[in-house]
Structures are given as C-alpha cells and as structure tokens.
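Written below as structure tokens is the structure these notes are about.
FYI, it's all coordinate maths here, none of it is from the lab. Just so you know, these numbers come straight off a predicted model, no measurement behind them. Reconstructed Cβ throughout: ideal geometry from the backbone, glycine too, with neighbour counts over all protein chains shown.
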Amino acid sequence: MEKKKRTIENRMETSRMPVIMHKKTITAVETSSFEDANFGNVMWQTLLSSPTTSTDSMCVGIATCPSNGSLELHEHTQAEMYYVLDGAGEVEINGERHRVAEGSMLWIPGDVVHGVFCGPDETLRWLYVFPEGRFSDIIYRFQPKPNK
C-alpha cells in the first residue's frame, strides 16, 4: 500500500512541475503532418503533451499553414484556442470565414466545425491550446469534401 501511495504522489508532483522551453528547444521539436493529404498540408509541433512533458491538463503546440495550404474542415470534442504568431490567412468557423493575422486570438468551442486556409501569398503560424493532457486524445473528425 505504501509503495502505491508514493507512486500516485510522485505522479501528482510530476504533473505540477513547471515546463520552460526556450527557442532552441522549440525549434528542435519534431514536426508532424497528416498522412492523408485530404486533411490538409498544415504542419505542427506539439510542445506540451503528456507523457512527453509533465503536463496533465493541457496540450500546446505551434502549427503552420503554408502558401495555398489548409487544415481542412474538422471538429473535435475539445474546445481550442489559437493565437496567431505571424502571417495571415482565413479561419472558417461554422461556415463563416474570418480573416486573421499576427496578434489575432480565436476561441473555438468544442464540436464546432472549423478549418484554416491560406492563399497563394500567405502563410499562417499560430499557437494552439487544448484543455487536454495528451495531444493523442484529440480526435479530429474531418468533414467530407463536396463533390465537384
């Protein structure tokens, strides 16, 4: 019993450890993308996500949408926050397009369809935050593309 109790206490202590990442560390974080090009060509770096980091209540990362790129329309159970770090583009939320640029902040409720789109002369880089300890627990549900 004593050993089990210590393990639980250790996990609680670990989850309360601060995480500080400097530019050099952030730059070195592996970049991910969707295997299926139908989901878009956005790339992202997950910075905070359990068990890689000692965080248990949110995950955070930086996403980049390239010129003529997209993060296709999707939804997930969790709400999400974006803070645009640089560039410009459009974010569609519930069928309405919004122009965003450096300094814009968005809060997207859970289970709301949204996506990110950049034109030929645009790129967009944003910080994203989910109220979830593990990025792998965010289940993206992509919308079917209309037939052309």
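When segment 110-140 is limited to residues that are outside any loop (DSSP other than H, G, I, E, B) and β-branched (Val, Ile, Thr), the one that is nearest to the chain's Cα centre (by Cα) turns out to be Val129.
Scanning segment 119-146 for residues that are closer than 26 Å to Gly103 by Cβ and without any contact (Cβ under 8 Å) to a residue 60 or more places away in the chain, we see that the one that is surrounded by the fewest Cβ atoms within 10 Å (Cβ to Cβ) is Pro120. Pairs are defined by a Cβ separation below 9 Å, a sequence spacing of at least 6 or placement on different chains, a first member in segment 98-118 that is touching a residue at least 24 places away in the same chain (Cβ under 8 Å) and closer than 15 Å to Ile139 by Cα, and a second member that is among the small types (Gly, Ala, Ser) and loosely packed, with under 12 Cβ neighbours inside 10 Å; the pairs so defined are Val113/Gly95.
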